[in-house]
Amino acid sequence: MIFRCAGLKNTEGLVNSNELRNQSLMYCISLKTILNRAQPIKGFVYESVRFSAQQTDTIEVTVVARQGCQARCSGCGRACPTYDHAAQPRLWLLPPVYKFALALAYTMRRVDCSACGVVVEKVPWATGKYRLCEGFRLLLARWARKLSWEETALSFKVSWADVYASVQWVVAYGLEHRSLDNIRAIGIDEICVRVGWVFWTLIYQIDTHMTRLLWVGQDRTEACVFKGLDRLGQRVCQSIRYVCTDLCGSYRVAIAARLGGALHVLDRFHIRQRLNKALDDIRRREVAALAKAGLKPQLKKLRWALLKNRKNWTPKERRRMRELKHSSLDSVRAYWLVAAFEHFWSYLSPTWAGKFLLGWCHKVQHSGLRPLEDASITLEIHRELLLNYFRAKKEISGGVIEGLNNKVKLTFRKSYGFRTDKAREIALFHALGKLPEPEVTHGFF
């Protein structure tokens, strides 16, 4: 197969301009030349390129062993004498060329290895019994990070299993060769993966220079967190300086046992979530009490206004809240107490922040708002962990963790149809692990 290209008439500025003037104004580039540039295969030769007689819209590239080169054992990799040849050539798929599928045809040899016995030879363009070349598998894995796996399979006219096997191969290589050096801050959180309140524990690296997924545990128990930290290794755990989590008690035990030298910081997002939950419980009870007493529903359509920052109120919400500002409604009093707590995060000194926290909790616990009182007791119990936010110079925040959790949810939405937890775990590492990719001879633009 030949590609004809027009020659360059203007050779000014080129290094070999004198040589180009002596060449023909038309020159040819064969598909074999392109393959030798894109995917050179040591010890083998591209013999011929032709359209397939058996399959439509398919180009077959015949490969033969280079003369004088011995085959290599697929077990130990040593050069060995040839034992025999296969009866029929075997086909591997390469990345397509326009609308044509590109297939590599080669008659496999068996070698007589002194260590492994009679085994099939090792070829540089593929491993095992996969029907795709390694360059094509890497291309599929890269596109599977952008599209769903089903869309990737349809785009390249391969099966879903081919895409899954390609991603699995890339992830397995990346987990084996990734570097766990220079990890100073991690985040631990749980996320619901499917219906039935099934939660997984995720461990992230949340350093300023790197955010990625480190480990996935298919549970949210204390033993699961211990297993994840043990999997990272003692050397990595000793290098960790900060760890950010929510209020889950099982995390505290594992962190104290495995990360005793790290500063444990509570996630600011979950603190606000806990206060908002208490505020919403107060509003819900008060709405029911007003309806039962037959009074005017003053809190109607104010649920989201009470959960918002007042800077984000709409003009209508601002007018409604101004009318209720001096009322004796429990929901309004609870809102202003929760809004006052936001001043806690503006402190720089953990000492003054601690004094503010004690004063705020004292005021709440004498307010008569039971759900908010329970929340303030929880904050008092975790007082030292809250103050660690200031000891860490406000550099550690759960916002990065929530952003990664959103990407996890997006990955799960793209992976409808996965029937095994193993496939979901592979998809997460592929999308969020920032893993190194295998080095293949095939080059991409």
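Every number here is computed from the coordinates shown, using simple stated rules; none is lab data. None of the values given here were measured: they were computed from a predicted structure. FYI the Cβ positions are ideal-geometry reconstructions off the backbone, even for glycines, and counts take in every protein chain you see.
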Quiz item: Using θ = phi - 60° and the Karplus form 6.51 cos²θ - 1.76 cosθ + 1.60, what ³J(HN,Hα) does each residue of the range 234-248 get, whole Hz, x for Gly and Pro?
Solution: 5, 5, 5, 5, 6, 8, 6, 9, 9, 9, 10, 9, 8, 8, 5
Quiz prompt | Placed amide H near L102: partners under 5 Å, 5+ positions off or other chain | solution = I59, L94, V97
Quiz item: Hey, what D do you get for the chain in µm²/s if you plug the Kirkwood alpha-carbon radius into Stokes-Einstein at 4 °C and 1.567 mPa s?
Solution: 47
Self-check item: Rel. contact order, % - alpha carbon contacts under 8 angstrom, at least six apart, the chain
Solution: 13
Quiz prompt | FRET efficiency, R319 to A172 (Cβ-Cβ, R0 51 Å, nearest 0.05) | solution = 0.30
Practice problem: Could you pull out every one of the lysines with an alpha carbon less than 28 Å from that of K157, ignoring same-chain neighbours closer than 8 positions? | Solution: K32, K99, K122, K129, K146, K407, K409, K414, K422, K434
Quiz item: To the nearest 500 deg cm²/dmol, what mean residue ellipticity at 222 nm is calculated for the chain from DSSP H runs of n ≥ 4 alone, each contributing -39,500 (n - 2.57), summed and divided by the residues?
Solution: -13500 deg cm²/dmol
Exercise. Starting from the Cα of K311, draw a straight line to each of the aspartates and glutamates and keep only those under 20 Å, dropping any in the same chain fewer than 8 residues away.
Key: D280, E323, E342
Quiz item: Setting aside same-chain residues fewer than 8 positions from K300, which lysines have a Cα under 16 Å from its Cα?
Solution: K292, K308, K316, K325
Exercise. Run the quick spin-label model on L147 and E395: label points 7 Å from Cα toward the beta carbon, then report their separation in nm to one decimal.
Key: 4.3
Self-check item: For the range 39-131, convex hull of alpha carbons as volume per residue, Å³
Solution: 100
Quiz item: If you plug each phi of the range 174-181 into the Karplus form 6.51 cos²θ - 1.76 cosθ + 1.60 with θ = phi - 60°, what whole-Hz ³J(HN,Hα) values come out, in order, with x for Gly and Pro?
Solution: x, 5, 6, 10, 6, 9, 10, 7
Quiz prompt | Residues with amide H under 5 Å from that of L132, placed H, sequence gap 5 or more | solution = L93
Quiz prompt | Per-residue HN-Hα couplings for the range 152-160 [Karplus 6.51, -1.76, 1.60; θ = phi - 60°; Hz; x = Gly/Pro] | solution = 5, 5, 5, 5, 9, 6, 10, 7, 4
Exercise. Please say if the range 145-281 is rounded, prolate or oblate, where rounded means a/c under 1.5 for a ≥ b ≥ c the square roots of the C-alpha gyration tensor eigenvalues, and otherwise the choice is prolate for a/b larger than b/c and oblate otherwise?
Key: oblate
